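Trainee: Would you mind keeping the following structure in view while I ask a few things?
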């Protein structure tokens with residue numbers, strides 16, 4: 001998934017989408033050696049493999065490729081990452097569009113977890129845990145300020161400040177990696193990271209609406 005941007009904002013998003021801090025360690029995002037993978041971007045599939053599992057689940061609006069690749073692997077197939085196969089990807093061109101995209105990613109990754117609870121991992125819990133920790137931390141900081149309890153305010157600031165430090169450090173490392181980003185692109189990168197993580201985490205915590213869930217297949221009688 002060769003993310004490339006044409007504007008300064010898009011180039012910052014493209015850099016975030018090819019970094020481990022931004023999207024984790026999936027090979028199709030960050031590269032690596034050829035070999036078995038959980039999923040790939042787009043992909044080419046054997047017809048017999050698609051027939052065996054029934055193809056894409058059309059009730060999935062997002063994450064349908066991840067879910068289908070999971071069923072391919074569970075049926076005895078292999079999903080193979082090949083770095084030589086590259087497809088150019090153009091990121092969303094506004095912060096709002098990026099936030100909506102990642103919010104949907106989080107919501108539908110929650111649905112994958114509902115259908116396949118064994119796929120839940122620390123990687124997918126990182127963003128919702130961070131969002132929860134930051135939200136609770138801000139609440140404690142406000143409560144500490146209102147009640148004049150400095151220790152409570154200091155405790156509450158640990159999570160948001162900790163994330164801010166990690167974000168700035170990762171942004172600096174990403175911006176300085178070749179090819180180096182411009183000053184404006186580098187300054188945009190922390191906002192992009194925070195938007196991706198925050199939107200994905202909020203989407204995962206929120207999940208699908210009742211109306212959306214009514215159109216989906218039941219799992220274990222639910």
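Trainee: Is it true that residue 54 is exposed (fewer than 13 other Cβ atoms within 10 Å of the Cβ), over 21 Å from the mean Cα position of the chain (by Cα) and closer than 25 Å to residue 207 by Cβ?
Mentor: yes
Trainee: While we're on this one: Among what's in region 38-50 and is surrounded by 14 or more Cβ atoms within 10 Å (Cβ to Cβ) and assigned to a loop (DSSP other than H, G, I, E, B), pick the residue that is modelled with the lowest pLDDT. Walk me through it before giving the result.
Mentor: The first filter runs over region 38-50 and keeps only residues surrounded by 14 or more Cβ atoms within 10 Å (Cβ to Cβ), leaving 38-41, 43, 45, 49-50.
With assigned to a loop (DSSP other than H, G, I, E, B) added as a condition, the list becomes 38-41, 43, 45.
On the way: 38: 91, 39: 91, 40: 92, 41: 91, 43: 88, 45: 94.
Here the residue is 43.
Trainee: Taking region 32-60 as the region of interest, how many residues are in contact (Cβ under 8 Å) with a residue 40 or more places away in the chain, under 15 Å from residue 108 (Cα atoms) and in contact with a helix residue (DSSP H, G or I) (Cβ under 6 Å, 6 or more places away or on another chain)?
Mentor: 1
Trainee: Given the residues 143, 153, 99, 127, which is the only one that is in a helix (DSSP H, G or I), more than 28 Å from residue 217 (Cβ to Cβ) and under 16 Å from the mean Cα position of the chain (by Cα)?
Mentor: Result of the check over 143, 153, 99, 127: 99.
Trainee: Now a separate question. Quick one: count up the residues across region 13-37 that are in a loop (DSSP other than H, G, I, E, B) and surrounded by 15 or more Cβ atoms within 10 Å (Cβ to Cβ).
Mentor: Residues in region 13-37 being in a loop (DSSP other than H, G, I, E, B) and surrounded by 15 or more Cβ atoms within 10 Å (Cβ to Cβ): 5 in total.
Trainee: Got a number for residues in region 85-109 being surrounded by 14 or more Cβ atoms within 10 Å (Cβ to Cβ) and either closer than 21 Å to residue 209 by Cβ or in contact with a strand residue (DSSP E or B) (Cβ under 7 Å, 6 or more places away or on another chain) (or both)?
Mentor: Counting residues in region 85-109 that are surrounded by 14 or more Cβ atoms within 10 Å (Cβ to Cβ) and either closer than 21 Å to residue 209 by Cβ or in contact with a strand residue (DSSP E or B) (Cβ under 7 Å, 6 or more places away or on another chain) (or both) gives 13.
The values are calculated or read from the model by the stated rules, or taken from the named source; none is laboratory data. What you see is a predicted model, and the numbers here were worked out from it, not measured in a lab. Heads up, the Cβs are rebuilt from the backbone with ideal geometry, glycines too, and the neighbour counts pull from every protein chain shown.
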